[in-house]
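Chemist: The structure is given below, and queries will be raised subsequently.
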Amino acid sequence: MSSEFKLEPEKWIERYSDALFAYTFARINRQDVAEDLVQDTFFSALKAKDTFQFNSSEKTWLIAILKRKIIDYYRKKSTQNELNIFDKDTKDDFMNHFFEADGRTDHWTDASGPTEWRKDFETKVESDEFFTILKNCLGKLPEKMAAVFTLKNMEDLDSDEICKELQIAPSNYWVMMHRAKLQLRECMDINWFGK
Amino acid sequence: MSLFNKIFIQCKEATYLHEKKRAGKLDAAESLGLWIHMLYCSFCRQFVKQVEFLEATAHKFYQTAEKRFHLSPTRKGEMQKAFEQELKK
């Protein structure tokens, strides 16, 4: 009896296209991009089928190829528009929306300052409705922010590895992650916690 | 930045330093400044608590994606056709 896995490319689409699409669409909030990456994954896998290690399942192997494609997608987004890189002290409309913009202080405004979330809302976070709103809020992040946030939370990559993958400086990573969290928190605050 | 300004920081800096802290890259003055700020700023304490909560739920969302989304049957059909062409090559 053999416990080895084998490749059956003729059955890939039927078996794995839904799972691969779902994996991608959760991480990249654009249906057309997600569909294209899934198709690319099957084609790349077919070309690389001689490199398949027979100790992992077909699905695990396909996901590993797909994961590389997702990282490549975000690298391209992160390195575009070099001029559009912020310093942590940049005062622009984005930051001024959260912190007082009168030139004297950088504190939360009374309207933007986070206040406690209702416990009964936190207990419903496993619901489909919650995840729909979370996806909408993630989908509103500009792509450079989505890049750092998604790569940090989709797998167990640490921040040094993400900087290497995205080819960005650590300070740029912190700036982008800071902005991503400010925006995401506010979006959930308004749309789920109803403030 | 003067030492005074490094130790008595404002919310924008504090929420930024929280990110730097997670990467383990704070120097001693930044670390002290962040610690002092968190003692008296309830907005920033809430911020940290809430974003950590959202990261945990985002992680769960990614891990459970498979049961939430499906490829459209039309697109799956097209993919199947294109792939069969490739298999014949």
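Laboratory data are not the source of any read-out in this text; all were calculated from the coordinates shown. No experiment lies behind these values; they were computed from the predicted model shown. Heads up, the Cβs are rebuilt from the backbone with ideal geometry, glycines too, and the neighbour counts pull from every protein chain shown.
Chemist: For chain A, set up a Gaussian network in which alpha carbons nearer than 10 Å are linked by springs, and say which option among A:M95, A:M176, A:M145 fluctuates the most.
Modeler: Fluctuation is largest for A:M95.
Chemist: Also, I was wondering about something else. Add -39500 (n - 2.57) for each DSSP H run of 4 or more in chain B, then divide by its residues: what number comes out at 222 nm, to the nearest 500 deg cm²/dmol? Write down the numbers at each step before the final one.
Modeler: Working: 5 runs with 68 residues, N = 89.
It lands at -24500 deg cm²/dmol.
Chemist: Against the longest principal axis of chain B, how steep is helix B:28-40, in degrees 0 to 90 to the nearest 10, with axes from Cα atoms?
Modeler: Orientation of helix B:28-40: about 90 degrees from the principal axis.
Chemist: So in chain A, which Cys have no other cysteine's beta-carbon sitting under 4.7 angstrom from theirs?
Modeler: A:C163
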